[in-house]
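Report on the following structure.
The values are calculated or read from the model by the stated rules, or taken from the named source; none is laboratory data. Computed from a prediction, not measured in an experiment: that's the story for all the values here. With ideal geometry, Cβ positions are generated from the backbone for all residues, glycine too; neighbour counts draw on all protein chains shown. All accessible areas refer to the heavy atoms of the entire protein, side chains included, with ligands and DNA or RNA removed. Shrake-Rupley method; radii C 1.70, N 1.55, O 1.52, S 1.80 Å.
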Amino acid sequence: MSERGQRAIGDGQRDAARRLWDYCRLGHEPRACAVGIGLGSHDLGVASRAAELFHAGMFPVIVFSGGNSRTTVARFPRGEAVHYREHALALGVPDAAILVEPRARNTGENVTFSRRVLAGAGIVPESVMVVCKPYAERRSYATVRKLWPQVDVVCASEALGFEEYVKGIGDAKLVVDMLVGDVQRIMAYPRLGFAVEQDVPDEVRAAYEVLVRDGFTSRLVAG
């Protein structure tokens, strides 16, 4: 782990973050689906995993979805979906198998706009594999179930543990902030109509409160 990451979180905070990490991951078994949707983010590993799953025959077409956010604009100046597409092409995914949705700013828009792109291509899938960051699985699943209940959905991500993921990103504070933000949304978004309800165990709520108290709050939403 980088020196920055070592300074950013202590042992108790790391334990709390691991608890959130384990909760946010669903561990779905990959199975063949009609389409894949790669959710844009700061993590190019999403595109790598999507390419791997395509080559394994998990889906015949992939939509990369995402414009930019404040955490991605410097890394992906042409937009998340565009950079994901370029990376997938470099990994051998044929251009004909890739659709690009370049406007989405959040997970709800990822789902809604990708559905429109697929419909525009004449594709109305019965099943969708959502490829995302490891800790985004639960929230992504809950979002798809709310906004696109007609499809069977399975989530997939790189098979990484918390420490390995932090090492790859190189910024422990950013990863923990994002984890805290995801758990907040898992708890808050159902009552706003953005996602289906998910059970949140007491120990996960406690870990979340520890990290909020300790200042890992840059990705929290108001309200």
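Each principal axis of the Cα cloud of the chain was taken in turn, and the coordinate range along them, longest first, works out to 49, 37, 30 Å.
In region 68-121, Rg over Rh equals 0.99, where Rg is the alpha-carbon radius of gyration and Rh the Kirkwood radius from pairwise Cα distances. Taking all protein chains together and rolling a 1.4 Å probe, residue 123 ends up with roughly 50 Å² accessible.
The mean sequence separation of alpha-carbon pairs under 8 Å and at least six residues apart, normalised by the residue count of the chain, gives a relative contact order of 26 percent.
With equal scatterers on the alpha carbons only and no solvent term, can you work out the Debye log10 of I(q)/I(0) for region 1-81 at 0.17, 0.26, 0.27 1/Å? Log10 I(q)/I(0), no solvent term: -0.91, -1.13, -1.15.
How many percent of all Cα-Cα pairs in region 98-223 sit more than 17 Å apart?
Across region 98-223, Cα pairs with separations above 17 Å total 63 percent.
Report the trypsin sites (Lys or Arg not before Pro) located in region 103-177 that are in a DSSP loop and have at most 16 other Cβ atoms inside 10 Å of their Cβ, or state none. Passing both the DSSP loop test and the Cβ count: 103, 105.
Database remark: amide H of residue 101 closer than 5 angstrom to the amide H of 64, 65, 66 (H placed geometrically; neighbours at sequence offset of 5 or more, or on other chains; Pro and chain starts carry no H).
Think of region 86-151 as a dipole: +1 on every Lys or Arg Cβ, -1 on every Asp or Glu Cβ, centred on the Cα centre; then among 148, 130, 113, 148 lies furthest on the positive end.
Between residue 28 and residue 11, the contour length at 0.36 nm per residue exceeds the Cα-Cα span by 3.2 nm.
Report the rotationally averaged projected area of region 49-147 based on its alpha-carbon convex hull, in square nanometres.
6.3 nm²
Counting only residues at least eight positions apart within a chain, or on another chain, the lysines with an alpha carbon under 23 Å from that of residue 146 are 133.
Electrostatic bookkeeping for residue 217 treats Lys and Arg as +1 and Asp and Glu as -1; over the other residues with beta carbon under 14 Å from its beta carbon, the sum is 0.
If I take all pairs of Cα atoms in region 149-223, what percentage of them are more than 19 Å from each other?
Across region 149-223, Cα pairs with separations above 19 Å total 48 percent.
For the chain, which longest stretch is free of loop sites, where a loop site is one of the GluC sites (Glu not before Pro) that DSSP puts outside H, G, I, E and B and that has at most 13 other Cβ atoms within 10 Å?
1-125
Fully extending the segment from residue 203 to residue 116 would add 27.5 nm, taking 0.36 nm per residue of separation and subtracting the current Cα-Cα distance.
Summing charges over all other residues whose Cβ lies under 11 Å from the Cβ of residue 201, with Lys and Arg as +1 and Asp and Glu as -1, gives -2.
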